[in-house]
């Protein structure tokens, strides 16, 4: 089957050619001293991107591994977890809590809304025995963002550990576990960071390590164990098992690119493109999925499927006629919305114009009344100050 | 220095990732039987793309090598060449004719015009001793096209050999040396074919071979010799010197892609995008460089630099602010026009929208009054029947 | 730090350039129809390499994930597992059993020995309530092989489910879950198959699926769950979470290569090189680690560290002086042995000669008395019938 | 057709993976400022490898282009050239001289011999009107070396310009146009430098430029013109025509590697491997082609085809049975000798051992009596001081 011309989906994202070249380096034996050095160096880049002094752990599996590992490593049977749910991925975390013996208290909002910190405050005050709070920073299925910094502060004041799913947040927003009071953060390379999928990028606070060590018994000798990485990699520069060598090459390249641009300009770039994308979508007469623009995230723009067309028709047409792959709704949201991705390499005016143009043309082909050019025009209008301040230039880096 | 995000220039063009992967295969010894086979196979693909039964020769140097080789191999001192000049590249051929002892008769038109076959007829009738006629099919510096089929017929009727520079023509238009009465055709991989620069792709008619053999003495043992390739490669499957192994890998990949799409749909795709590009440019209030749209070519769209902006300002702004590299005017045309390239991978709606959007935004940034979105909108309007008939789908191929 | 010139270690192995090129294809969105097709196609290649009609599952984490997932998915609290231990990796499985509530009965032999099927028979007869038997096919740390086919038959006769770690076995030996009565097999791409690390390649028998479904409750919604893959991928062509797209590209290339050579010739090639390696090692006056050659495996050749030299000296010297990376002893075997790897691309006379030559030269440099050339000579002597029957030629494949 | 496992031929050589990755970077438009910078930077690396202050020119065609360009650019009709001939390539230069109107005086020796500087002195004294002396530094077809430094001095003393074919010399020996009194040097990337074929790497002395400018008329507007590069690139940072973008990427990577190792250690490495190769060959009872070892070069080792076997049998067997490609005799030397290449990446003990081992095994297979291991053993014996002094380590570099 033919491959698409361009991917502008919700992740895994299209990565740059330099990431692909990095990934095609010869596979080293994991105990080759050059690889041990390389892994160490990559970890230190990750610390810089996370703007943290906490330990970072690179788990060798896609981000759901990191999320489950957090639950499995932190929870004793019966431990209470306040799970904040504003979308499909937030709801998923409940499964990990229950699988690993925890008890869920849920604070939920509709899937086009964001969590209100005041509600968190009230709920925690009602449940003083909550041990862990879990929240999704960037709800990719909904294209929304939660106020994690405020939530983290509230939790910290009450001695509650905070686990944050920032899988599609890191890179697209400026954050720091210390500033935001996050105890366990889980990011993915395959979203805003512009790398390939297959790793969980974690930051772990001292308090979280202590909690893991207090668990009875501490979770060790498991693919789900974070302590295994502490005992081997962090303390002895050994691996608990064979890491995914090629993916580490790719990750290093992606992280290095973020740092070369600068963490703040890199995020500003995502914010600017996301804002322009929303302007483009609205100018086409489409309706954004998030209840308010102030809670729309920088990773993807979620849009109501317009009347008279199905999600599958639109996405199928865009791909088969114009070779552009976007995403539909996920889980409960299937059929209700479609999503334009603008992460990593795609966080660029050229990419945005291309995908909006193909969207416009496709809507017109399918009989939805659009003024061709209106979406791209509105997006360009919003990009008057590109590249965003601090971001030296609008170009990509290549060796 | 940072590299551009996207290249939409007059060639070398940005190539597909599969061409790059092909090019990164291990370098074989040129007499490895696998390479000899591979070169043979690549030559046979070239024959199919040229739609010819004539011999094809892949000279191991950029297209100007092929052009000079044609002059050097065909001409005896004093031979008369009717050189048709409708642009910078047409004028260049005079240098090769003179260098190799020929005598030039020039038929020239302004550089935004095309050659009129009736003028060719008249000129040849006035100069019955002309041996060779030379003409540029696609004048990349001007974005224009010459009526080579008609000119070829006129020359053939008079026993004149025709040398055609179709460097940026092959792939973008459907042609055949036999149908168009071309004796020596020279194409480049780095234009519509979507490959890298460094080779001359030639088709040679039996009459041209005879003329080369009648030359006194025949040109042999030279980098400029076509007969060397006939004597060695065509007749003995040996090489006159070491070929550029990696470039042959890339060429094979590019040619295979053209044939998978189909020579006719592949050209139709270029025509459709070129037409849409012109609509986009006009909708922005810009003026096309070619005197009439009927002579605009499919490779690049040449546009008058608008008043109040310089060519360098515009191109510099597009690259430094938005990472998009386009071309300026070349030679005598420097400063007068700029050129949007839409060859190979760039002959796609997504690429066209991206470059027009960046053009619009840049014009606005520089104070030229544009209605943002107007150019992309007009282009999309013109692409209502994408992909053009016969072309199965609008996607790119990747293994 | 400089990278080695050549890797001949115990895995991850050096992969071919075509695997690297495959891995450097653009990252697709996992729900792009082209990727769904590609994953399906890769799974079908894996079935052919496993010579099985059972379901295959490609877990998205290194082989220890597959092993833990087998334990986690099959075992209810208190279930008895007969764990056969002939090396470091065999012993490891005990940890997974205990972590997931099982009870271990151990049958162990020294780490240079293989399990005797008669002992297995006796032990199972003594423990009629054993639910699962676990065994390592190829004990990479010891360079030994266990008689899995016989053990599988014994277990099947007693209604015991068999879990086999064939991480470094598949590809290096011809096996089939059906013929060998294996219920859950776990292989790794990064060993004899010549791919990169990061995946668990599993075959699951109907009986194993039933046992997983009978578990109370069935393990679902976990990175350790095999049923998640049955429910989503096998039944609905959906993914339980994002797969490691790039690694699937690489795996497909590696599997395709095995099938192009042929599963049997591919394994025969490994056997021939392993035999030649042992001859080479013995001719240098070194002592093989396995108690008898009949239990030496095809993946690596384990060798006693000779007196007067340390393992680290030897390996360090080979790498720093000659750029060749080999492996030392692992876990309890550290310092006692070193290992020459000859898997995948390295299962070739040229690679074997190179690593033996560097070994010889290094031993001499370190004062160990060797007749230079003796090891390579003996290895070459043993390769008189290369390539092994059925294997068309001794070359590598490249596009 | 299957590709070989390993190439150890006379060039193009197998290049490193980093060169291949460099070559697979996106193709830039040649007037993209990043490419202009890159070309400039690459030229400056070439100057360092040539250890020269002279201008360097990178002609965009394989080394025969550079050789012909030297003749074409320097010679007026009737100019006398003393052509030193010690092999097939030396003889070839006569063709270029004659094609471009020069008159050849030949000083020849048998093709297993080297030029004696005393003979050069005598001949030049007999022909005081010689304008240009031409000599091949490393005669790849013969595996021999000429004493260019002494010859250059002799020519300079007599005001004769010296053109040196160091296509397979640069990198394998330490040279400098200034120190050796070379006026025009021509090297190739595809030999000791470890790059791909397709470029001529030239150094041009001020005296040579002057001679070219005095030619009547100076050669301009031709693919054979060196002055075109002076007028455009050297003076205006413009290109006379489109350069082979991808090959420049590869060249830069190869040159950078040489400089990272150090020009002297890099050459010492070639010398050490060549010496070891000769020891290996002799230990197998084979006879070296060069009349004396003192004139054997560092690029390839030429060996008499032993009685009872043909060149084609041996080479065919090595490739079809063991996947190793070596070279035969070229031109007049066809059938008389075979050649083991040890340039670039292949100038390494592991590569040498691999090719000698396959040679040994193949000779034995074909009935030639060899003691298996004797060749590799003798080579290893000769490598007791690897890596040669000044060369930090025996490893390859990779990012």
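The values are calculated or read from the model by the stated rules, or taken from the named source; none is laboratory data. All values derive from a computational prediction rather than experimental measurement. All Cβ positions, even for glycine, are placed from backbone atoms using ideal geometry, and neighbour counts span all protein chains on display.
If you check B:200, B:205, which single one turns out to be touching a strand residue (DSSP E or B) at 6+ places or on another chain (Cβ under 8 Å), assigned by TED's automatic domain parsing to the domain that holds residue B:167 and surrounded by fewer than 23 Cβ atoms within 10 Å (Cβ to Cβ)?
So the residue among B:200, B:205 that is touching a strand residue (DSSP E or B) at 6+ places or on another chain (Cβ under 8 Å), assigned by TED's automatic domain parsing to the domain that holds residue B:167 and surrounded by fewer than 23 Cβ atoms within 10 Å (Cβ to Cβ) is B:205.
Here's a check for you: in the stretch C:289-301, which residue that is over 21 Å from residue C:4 (Cα atoms) and touching a residue at least 40 places away in the same chain (Cβ under 8 Å) is farthest from the chain's Cα centre (by Cα)?
C:291
For the structure I just gave you, tell me whether residue A:314 is closer than 25 Å to residue B:269 by Cα, in contact with a helix residue (DSSP H, G or I) (Cβ under 8 Å, 6 or more places away or on another chain) and away from chain B (no Cβ under 14 Å).
yes
Taking the stretch B:187-201 as the search range and keeping residues that are more than 15 Å from residue B:245 (Cα to Cα) and in a loop (DSSP other than H, G, I, E, B), which one is farthest from the other protein chains (Cβ to nearest Cβ)?
Ranking the qualifying residues of the stretch B:187-201, first place goes to B:192.
Would you be able to tell me the number of residues in the stretch B:234-263 that are within 14 Å of chain D (Cβ to nearest Cβ) and touching a helix residue (DSSP H, G or I) at 6+ places or on another chain (Cβ under 8 Å)?
Count: 18.
Within 26 Å of residue B:147 (Cβ to Cβ), touching a residue at least 40 places away in the same chain (Cβ under 8 Å) and crowded, with 24+ Cβ neighbours inside 10 Å, is that true of residue B:187?
yes
Criterion first (more than 30 Å from residue C:246 (Cβ to Cβ), touching a helix residue (DSSP H, G or I) at 6+ places or on another chain (Cβ under 6 Å), within 13 Å of chain A (Cβ to nearest Cβ) and without any contact (Cβ under 8 Å) to a residue 40 or more places away in the chain) does residue B:380 satisfy it?
Answer is no for this residue.
Does residue A:274 qualify as being in contact (Cβ under 8 Å) with a residue 12 or more places away in the chain and within 14 Å of chain B (Cβ to nearest Cβ)?
So residue A:274 does not fit the description; no.
How many of the residues making up the stretch C:12-24 are under 24 Å from residue A:254 (Cβ atoms) and surrounded by fewer than 24 Cβ atoms within 10 Å (Cβ to Cβ)?
1
Restricting attention to the stretch D:72-92, and to residues there that are more than 19 Å from residue D:128 (Cα to Cα) and touching a helix residue (DSSP H, G or I) at 6+ places or on another chain (Cβ under 6 Å), which single residue is farthest from the other protein chains (Cβ to nearest Cβ)?
Once the filter is applied, the top-ranked residue is D:85.
Filter the helices (runs of 4 or more DSSP H) completely within the stretch C:285-392 down to those with at least 2 residues that are buried (at least 19 other Cβ atoms within 10 Å of the Cβ) and in contact with a strand residue (DSSP E or B) (Cβ under 9 Å, 6 or more places away or on another chain).
Those helices (runs of 4 or more DSSP H) span C:311-322, C:349-365.
For residue A:50, indicate whether it is crowded, with 21+ Cβ neighbours inside 10 Å and free of Cβ contacts under 8 Å to residues at least 24 places away in the same chain.
no
Does residue A:394 qualify as being within 8 Å of another protein chain (Cβ to nearest Cβ) and either modelled with pLDDT under 95 or closer than 18 Å to residue A:143 by Cα (or both)?
yes
Does the stretch B:128-148 hold any residues that are more than 28 Å from residue B:328 (Cβ to Cβ) and crowded, with 17+ Cβ neighbours inside 10 Å, and which are they?
Across the stretch B:128-148, the qualifying residues are B:130, B:131, B:132, B:133.
Looking only at the stretch C:215-224, decide whether some residue is more than 10 Å from every other protein chain (Cβ to nearest Cβ) and closer than 20 Å to residue C:182 by Cβ.
There is at least one residue in the stretch C:215-224 that is more than 10 Å from every other protein chain (Cβ to nearest Cβ) and closer than 20 Å to residue C:182 by Cβ.
Just the residues that are surrounded by fewer than 19 Cβ atoms within 10 Å (Cβ to Cβ) and either under 17 Å from residue D:10 (Cα atoms) or touching a helix residue (DSSP H, G or I) at 6+ places or on another chain (Cβ under 6 Å) (or both), please, taken from the stretch D:264-278.
Answer for the stretch D:264-278, where residues must be surrounded by fewer than 19 Cβ atoms within 10 Å (Cβ to Cβ) and either under 17 Å from residue D:10 (Cα atoms) or touching a helix residue (DSSP H, G or I) at 6+ places or on another chain (Cβ under 6 Å) (or both): D:271, D:275.
I'd like to verify a number: residues in the stretch D:12-37 that are assigned to a helix (DSSP H, G or I), away from chain C (no Cβ under 14 Å) and within 23 Å of residue D:346 (Cβ to Cβ), how many?
0
Go through the stretch A:1-11 and count every residue that is at the interface with chain C (Cβ under 8 Å from one of its Cβ atoms) and either on the phi < 0 side of the Ramachandran plot or in contact with a helix residue (DSSP H, G or I) (Cβ under 6 Å, 6 or more places away or on another chain) (or both).
7
Failed condition for residue C:170, given (1) closer than 30 Å to residue C:249 by Cα; (2) out of contact with any strand residue (DSSP E or B) (no Cβ under 6 Å at 6 or more places or on another chain), with all others met?
Residue C:170 satisfies every listed condition except (2).
Considering each residue of the stretch C:140-184, count those that are free of Cβ contacts under 8 Å to residues at least 12 places away in the same chain and part of a loop (DSSP other than H, G, I, E, B), and give that number.
1
With the structure loaded, tell me whether residue B:40 is modelled with pLDDT of 95 or more, within 14 Å of chain A (Cβ to nearest Cβ), surrounded by fewer than 24 Cβ atoms within 10 Å (Cβ to Cβ) and closer than 22 Å to residue B:193 by Cβ or whether it fails that test.
No; evaluated as a whole, the condition is false for this residue.
Contact list please: Cβ distance under 9 Å, first residue in the stretch C:312-326 and assigned by TED's automatic domain parsing to the domain that holds residue C:302, second residue in a strand (DSSP E or B) and surrounded by fewer than 24 Cβ atoms within 10 Å (Cβ to Cβ), pairs at least six apart or on different chains.
Every condition considered, the pairs that remain are C:312/C:328; C:314/C:328; C:315/C:328.
Which condition number in (1) assigned to a loop (DSSP other than H, G, I, E, B); (2) surrounded by fewer than 24 Cβ atoms within 10 Å (Cβ to Cβ) is the one that residue C:9 fails?
(2)
For the stretch B:238-245, does any single residue satisfy the condition of being assigned to a helix (DSSP H, G or I), at pLDDT 95 or above and crowded, with 22+ Cβ neighbours inside 10 Å?
yes
If we scan the stretch B:58-76, do we find a residue that is surrounded by fewer than 24 Cβ atoms within 10 Å (Cβ to Cβ), farther than 19 Å from residue B:182 by Cβ and more than 21 Å from the chain's Cα centre (by Cα)?
Scanning the stretch B:58-76, I find at least one residue that is surrounded by fewer than 24 Cβ atoms within 10 Å (Cβ to Cβ), farther than 19 Å from residue B:182 by Cβ and more than 21 Å from the chain's Cα centre (by Cα), so the answer is yes.
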